[in-house]
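Trainee: Quick one: this structure, given as structure tokens, is what I'll be asking you about.
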Amino acid sequence: MSVLRINKPGWFSVIQDSGRRGAQRSGLTEGGAADEHAYRWANKLLDNPMNAACVEVLMGNFSATLTDDALIAVTGADLDFRINDQPADNWSTHFLQGGDRIAFTGPRNGMRAYLGVAGGWLTPTCFGSRSVVVREGLGGFNGGPLVADDRLPFKPAERQHKRQLAPRYIPDYSRPLTLKVVPGYQCLQFGATDRRRFTTGEYEVSQRIDRMGYRLEGPRIVPENSGVISEGIALGAIQVPRDGQPIVLLRDRQTIGGYPKIGCVTSLGCSQLSQRGPGTMVRFEFINLEQAQSERLVFNRFFAASQWHPAGQTVVWP
Amino acid sequence: MKIQPVSEDAVLIQFGEEISEAHIPFIVTMERMVEERLGNALVDLVPSYTTLLVIYDLDRADHRQITRLLREIGQELEAHLSDAPTGRTVTIPVWYDPSVGFDLEALAERNSLSVEDVIHYHTGKPYQVFAIGFNPGFAFLGRVDRRIASPRHKSPRDAVPPGSVGIADVQTAIYPRQSPGGWQIIGRTPQAMFDPDQDPAHASLLQVGDEVSFRAVDRETFLELGGVL
């Protein structure tokens, strides 16, 4: 069987697809690629099904060897990607041969890189998804992050194509980020002054960040009630505990929770946030629901309907 | 019933302001009808105490369509209600013993009861599943007899063993797997609460709306049923 053999697993590398559906009422988290934008591009570069599994590499220290020829794609954070110790392009496909070594050495811009392969990594599925949720110990080989000597199966490459994404599609994760927020849940439990403070102030990404959520530090906002009856939590929900510091809940969030929430960061905003490290400043901006829905629909339709230009650098609408 | 937008692809349906057994049939019936009517426009559902979170597929329906559909279902809800929303009654065997129920004796003493009283009250009535969360298969059950109600530990244990049965305030629950936790542990069940080989909607043994009873068993029965010490 063709496999990618892990030499150095990195700080925290996990297999992710687009996540689990229909399992939240059993208490299972959604999971899925933290940065959907970069993840979708990895599969788009490879003509993969939208839901094919990629390796999500956090900050690097990762190396692996291919046993067979493979067409791979690399997107997302710039973690100094290398092929056989030579620097290689990000946001690009690469045709590699059996025995080739790939590595992400360390972060230069962004937090999470996506490593895809034509046909996707064929690791075990759990509840219909290959996503690994470490807190639940579910998915992958053992419910944990990759470890040395793990072997990720794939189908050997049948064809190769060189694609390199044009710069205009590539986000710069070091740019200031404004997160768009749909007001919902208990927004009106926060007073007008606090809501204004929330959208005029700057928040710093703290050290306490992971796939479950990002704790931010900045102007305190305090809800009228310190708790609500536990309710289902949507992606991007901004919960505010007693200390008044917001937490943006991401892919590995718990399914229910009882902190007041001032709103929900859009899914595209969550993707961008997951590329920011401690010390980065972010802002919040309220938008209405229709605007949030249309931005997401444009994103969905772009990936579903656009096709590669023969030159392989850009996509065109049909 | 209130329907409010929550995010670009989720709405929250609120059935009341206070926790009450009376909401559960509404939530569970709504859950079932939403599942039937939305079909593949439905991504996921999270029922909990007084609410039902509905996550939908934005490629198949927008907020206005979803809200209209949910209102329609809401209007028909009364006609489809039944007293026993899921019709399921689950009996959970528990070995109540200080060797596995680390807080059993302390809880009894604090509440001026004997250990036998605690067991008697805990097994003495059926419970309603209010919510599933915290961990896969972790069911929040209510409500316990006031006489055995007990606050959480101030600092949670690092590792509560799987199968542990606990009390927190007026709720009781079973830890499906080892995890940190602050509930007062009074016993242990051999019953598996979570099955990763099931389909996602039935991975948890308990679902919101089920009725749960506890049955006291001795050490021997606990071990025969596959209990782990």
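The values are calculated or read from the model by the stated rules, or taken from the named source; none is laboratory data. It should be emphasised that the depicted structure is a prediction, and the values quoted were computed from it without experimental measurement. Every residue, glycine as well, gets a Cβ built from its backbone with ideal geometry; the counts of neighbours run over all protein chains shown.
Trainee: Given the condition of a type in the set (Ser, Thr, Tyr) and assigned to a helix (DSSP H, G or I), answer yes or no: does some residue in the range B:66-89 qualify?
Mentor: The answer is yes; a qualifying residue exists.
Trainee: Among the residues in the range B:31-47, are any within 11 Å of chain A (Cβ to nearest Cβ) and under 14 Å from the mean Cα position of the chain (by Cα)?
Mentor: Yes, the range B:31-47 contains at least one residue that is within 11 Å of chain A (Cβ to nearest Cβ) and under 14 Å from the mean Cα position of the chain (by Cα).
Trainee: Looking at (1) under 18 Å from the mean Cα position of the chain (by Cα); (2) surrounded by fewer than 20 Cβ atoms within 10 Å (Cβ to Cβ); (3) more than 11 Å from chain A (Cβ to nearest Cβ), which is the one condition that is false for B:Leu229?
Mentor: So B:Leu229 meets the others, but not (1).
Trainee: Restricting attention to the range A:255-304, which residues are part of a strand (DSSP E or B) and not β-branched (Val, Ile, Thr)?
Mentor: Selection gives A:Gly257, A:Lys261, A:Gly263, A:Cys264, A:Met281, A:Arg283, A:Phe284, A:Glu285, A:Phe286.
Trainee: Here is a follow-up. In the set B:Val94, B:Val100, which member is part of a strand (DSSP E or B) and modelled with pLDDT of 95 or more?
Mentor: B:Val94
Trainee: For the range A:143-185, name all the residues that are within 22 Å of A:Asp69 (Cα to Cα), of a type in the set (A, V, I, L, M) and assigned to a strand (DSSP E or B).
Mentor: Result: A:Leu152, single match.
Trainee: Can we say B:Ala84 is more than 23 Å from the chain's Cα centre (by Cα) and at pLDDT below 95?
Mentor: no
Trainee: Tally time: how many residues in the range A:226-241 are within 11 Å of another protein chain (Cβ to nearest Cβ) and either part of a strand (DSSP E or B) or crowded, with 21+ Cβ neighbours inside 10 Å (or both)?
Mentor: Number satisfying all stated conditions: 9.
Trainee: What is the one condition in (1) away from chain B (no Cβ under 14 Å); (2) at pLDDT below 95; (3) within 29 Å of B:Pro47 (Cβ to Cβ) that A:Val222 does not satisfy?
Mentor: Here A:Val222 clears every test but (3).
Trainee: Next question. Give the residue, chosen from A:Leu273, A:Leu289, A:Leu250, A:Leu268, that is touching a residue at least 60 places away in the same chain (Cβ under 8 Å), within 24 Å of A:Thr93 (Cα to Cα) and among the hydrophobic types (A, V, I, L, M, F, W, C).
Mentor: Only one candidate passes the filter, namely A:Leu268.
Trainee: Yes or no: the range A:242-251 includes at least one residue that is over 21 Å from A:Arg20 (Cβ atoms) and crowded, with 24+ Cβ neighbours inside 10 Å.
Mentor: Taking every residue of the range A:242-251 in turn, at least one turns out to be over 21 Å from A:Arg20 (Cβ atoms) and crowded, with 24+ Cβ neighbours inside 10 Å.
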